[in-house]
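Colleague: Could you have a look at this structure, given as structure tokens, before my questions?
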Amino acid sequence: MNSTETTDVKLAEPHLEQVLASAGIGVEYTRAERNTLYYRDEEGTEIPVLDLVGGFGSLILGHNHPDLVAHAKDLLDAGTPIHAQFSPHPHANRAALELNRIVHRETGTEEPYFAVFANSGAEAVEAALKHAEFDRGLRLAELRDELAAHRVAARAAVAAGENVAASAYAAAGVAPEAGFEGLIEAVERENARRLARSPLFLAPEGAFHGKLVGSVQLTHNEAFRLPFGSLAAQARFVPVDQPGVLGKIVREEGAVVLDVVTRDGEVGVVERPFPLFCAFLIEPIQGEGGIRVISEAFAQEVRTLCREIACPVVVDEIQSGMGRSGAFLASSLIGLRGDYYTLAKSLGGGIAKTSVTLIREGCYRQDFELVHSSTFAKDGFSSQIALRTLQLLEADDGRAYRTAREVGGKLLTMLEEVRSDFPDVIKDVRGKGLMLGVEFHDQVRAASPDLRAVAESGFLGYVIAGHLLNAHRIRVFPTGSSVNTLRIEPSIHLSDEEIEQLRTALRAVGSLLRDQDVQRLVGAG
Ligand code: PMP
């Protein structure tokens, strides 16, 4: 192995490549534009593939958008400083201002959001988690000081002859014989124990927020999450659209401390809430969980409860944001307001790698900037590409959002038509704008033993994807955690012909599954 030219030796995650190849989707692409990826066949002929994966949602403007490519070239030709850390960063600042202008317009708020830039989606989520914990730590410190001040005041009151209520001893879990100092000691011990609990995060079932150490604990899929559970704070996952359950889960955690208070001429002990819940993370349209749009009612329940327990709401728009839903923020369509927003994927225009965490001024702790950083965050190149991407989305009074709605509407109508012709094969079609999902029946009770075997292995979605690629030159993948749901996330440039190409292909898959024709499904025919 002495030449980097050697292509038959594979060391960059070769196992994954093999798994994908076994489903017939291990194709190497050599060129990309708009919604098309090209590969070369054995004769060297360039073969176009309709790409509906769209960089897992990173390509709202398509592959290699000409304006962005030209801008990137200009930036490089002009010798733009890309890495000038610890100096003013006007381009990141302009991107932050533009993000604020758009968020304000869509959410109707005027409160500024400070921007912490990062490099990937999971990193933006981790910045949100860290900031929320930083804030929680400061709020806990204020609470500790307040509790201590109350104890001092109570001690002075008792010294001045004030009575200690009998109920106070019961609340502190000590007998009256322990005396007031015994009560105080018990309260301090109990509070220290309760306040030392690890923070808890909340997220809906089906959530996906990334695969780094912290964010993976907020990703519901157990295969991704459980092996790493010992590394970070945990989340409680709440069922979606079950009114009241969220409140019950929160109450179950019993996040209260004991406060020694002087009231009505008596010293007593009362329970008061403390910020155990660090943040509630929510995707307005769950992506990897199977393209599920969160209902307005659930969004409202989350907002109301989080306000009650002073828990910030982090709206993760990494996949749904940047216009894909037909609005810049999918959350704005369901009236869900975030204390934080995370954006990534299409923010880099399909060219740069960048992400951002937006934090509402009222929650923002400026000292966070002194303890959190990343070498590549806010770099001159990515920031300018992000800014140009935002400008392209906003151009012509938001034509891109209108296009996402219109093209997405046509696509959804077509998918619903196919589903109504193949209801025995396609279980559901759902989503918003250009973030759509097609869920297949799982086939575990199929007549064909071969098909049952495919279904039981959890690979049905990948086998369908392999067929669509090899027989119809269409690239789709299942979502990460809902393996029978194909995600359809093209750019706004999707044409009517491309929609028809997908219709033909899905109808063919529908017929093969209806006929239980596994041989043709796994082959190219
Ligand atoms: N949050 C959401 C909603 C996502 O869809 C994803 C990626 N699919 C992430 C976070 C993680 O982003 P990345 O892969 O860039 O780390």
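Residues are listed down the side, and each one gets a yes or a no for (1) touching a Lys or Arg at 6+ places or on another chain (Cβ under 6 Å); (2) closer than 23 Å to Ser420 by Cβ:
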site	(1), (2)
Gly466	no, no
Arg475	no, no
Ser481	no, no
Asn484	no, yes
His493	yes, no
Glu498	no, yes
Arg507	no, yes
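Colleague: Hand me the list of helices (runs of 4 or more DSSP H) wholly inside region 360-459 holding 1 or more residues that are assigned by TED's automatic domain parsing to the domain that holds Gly54.
Modeller: Here the list reads 380-421, 449-456.
Colleague: Could you go through region 335-351 and let me know if any residue there is more than 16 Å from the ligand (Cβ to nearest atom), touching a helix residue (DSSP H, G or I) at 6+ places or on another chain (Cβ under 9 Å), under 30 Å from Val429 (Cβ atoms) and open to solvent by 10 Å² or more (accessible area, probe 1.4 Å).
Modeller: yes
Colleague: Please state which of the following conditions Ala203 fails to meet, knowing it meets all the rest: (1) open to solvent by 40 Å² or more (accessible area, probe 1.4 Å); (2) under 22 Å from Thr304 (Cβ atoms).
Modeller: (1)
Colleague: Given the conditions (1) surrounded by fewer than 21 Cβ atoms within 10 Å (Cβ to Cβ); (2) in contact with a helix residue (DSSP H, G or I) (Cβ under 6 Å, 6 or more places away or on another chain); (3) of a type in the set (Val, Ile, Thr), report the number of the one that Val69 does not fulfil.
Modeller: (2)
Colleague: If a residue must be of a type in the set (Ser, Thr, Tyr) and surrounded by fewer than 17 Cβ atoms within 10 Å (Cβ to Cβ), how many such residues does region 100-129 contain?
Modeller: In the first step, residues of region 100-129 are kept if they are of a type in the set (Ser, Thr, Tyr); the result is 107, 109, 113, 120.
With the extra rule that they be surrounded by fewer than 17 Cβ atoms within 10 Å (Cβ to Cβ), the set shrinks to 109.
Total meeting the criteria: 1.
Colleague: Give the residue, chosen from Ala178, Ala128, that is under 28 Å from Ala232 (Cβ atoms) and hydrophobic (A, V, I, L, M, F, W, C).
Modeller: Result of the check over Ala178, Ala128: Ala128.
Colleague: From Leu16, Leu97, grab the single residue that is within 16 Å of the ligand (Cβ to nearest atom), without any contact (Cβ under 8 Å) to a residue 60 or more places away in the chain and open to solvent by 30 Å² or more (accessible area, probe 1.4 Å).
Modeller: Leu16
Colleague: Could you look through region 202-258, keep only residues that are polar (S, T, N, Q) and not in a loop (DSSP other than H, G, I, E, B), and pick out the one that is nearest to the ligand (Cβ to nearest atom)?
Modeller: Once the filter is applied, the top-ranked residue is Ser215.
Colleague: If you check Leu147, Leu140, Leu99, which single one turns out to be in contact with an Asp or Glu (Cβ under 8 Å, 6 or more places away or on another chain) and assigned by TED's automatic domain parsing to the domain that holds Asp339?
Modeller: Going through Leu147, Leu140, Leu99 in turn, just one is in contact with an Asp or Glu (Cβ under 8 Å, 6 or more places away or on another chain) and assigned by TED's automatic domain parsing to the domain that holds Asp339: Leu147.
Colleague: Cβ-Cβ distance below 9 Å, separation of 6 or more or different chains: which pairs start in region 195-214 with a residue that is of a type in the set (Phe, Trp, Tyr) and end on one that is more than 16 Å from the ligand (Cβ to nearest atom) and open to solvent by 20 Å² or more (accessible area, probe 1.4 Å)?
Modeller: Phe201/Ala233; Phe201/Gln234; Phe201/Arg236
Colleague: Would you please name the residue that is nearest to Asp135 (Cα to Cα), looking only at residues in region 150-201 that are polar (S, T, N, Q) and in a helix (DSSP H, G or I)?
Modeller: My answer is Asn191.
Colleague: Pairs, please: C-beta under 6 Å, at least 6 apart or cross-chain, first residue closer than 18 Å to Glu456 by Cβ and in region 478-489, second near the ligand (Cβ under 10 Å from one of its atoms) and polar (S, T, N, Q)?
Modeller: Taking only residues 6 or more apart or on different chains, the pairs are Thr485/Thr479.
Colleague: For residues that are under 13 Å from the mean Cα position of the chain (by Cα) and either open to solvent by 10 Å² or more (accessible area, probe 1.4 Å) or within 12 Å of the ligand (Cβ to nearest atom) (or both), tally how many sit in region 275-289.
Modeller: Number of matching residues: 9.
The values are calculated or read from the model by the stated rules, or taken from the named source; none is laboratory data. Since the model is a prediction, treat every value here as computed from it, not as a measurement. Here Cβ is always computed from backbone atoms with ideal geometry, including for glycine, and neighbour counts include all displayed protein chains. Side chains included, ligands, DNA and RNA excluded: accessible areas come from the protein's heavy atoms. Shrake-Rupley method; radii C 1.70, N 1.55, O 1.52, S 1.80 Å.
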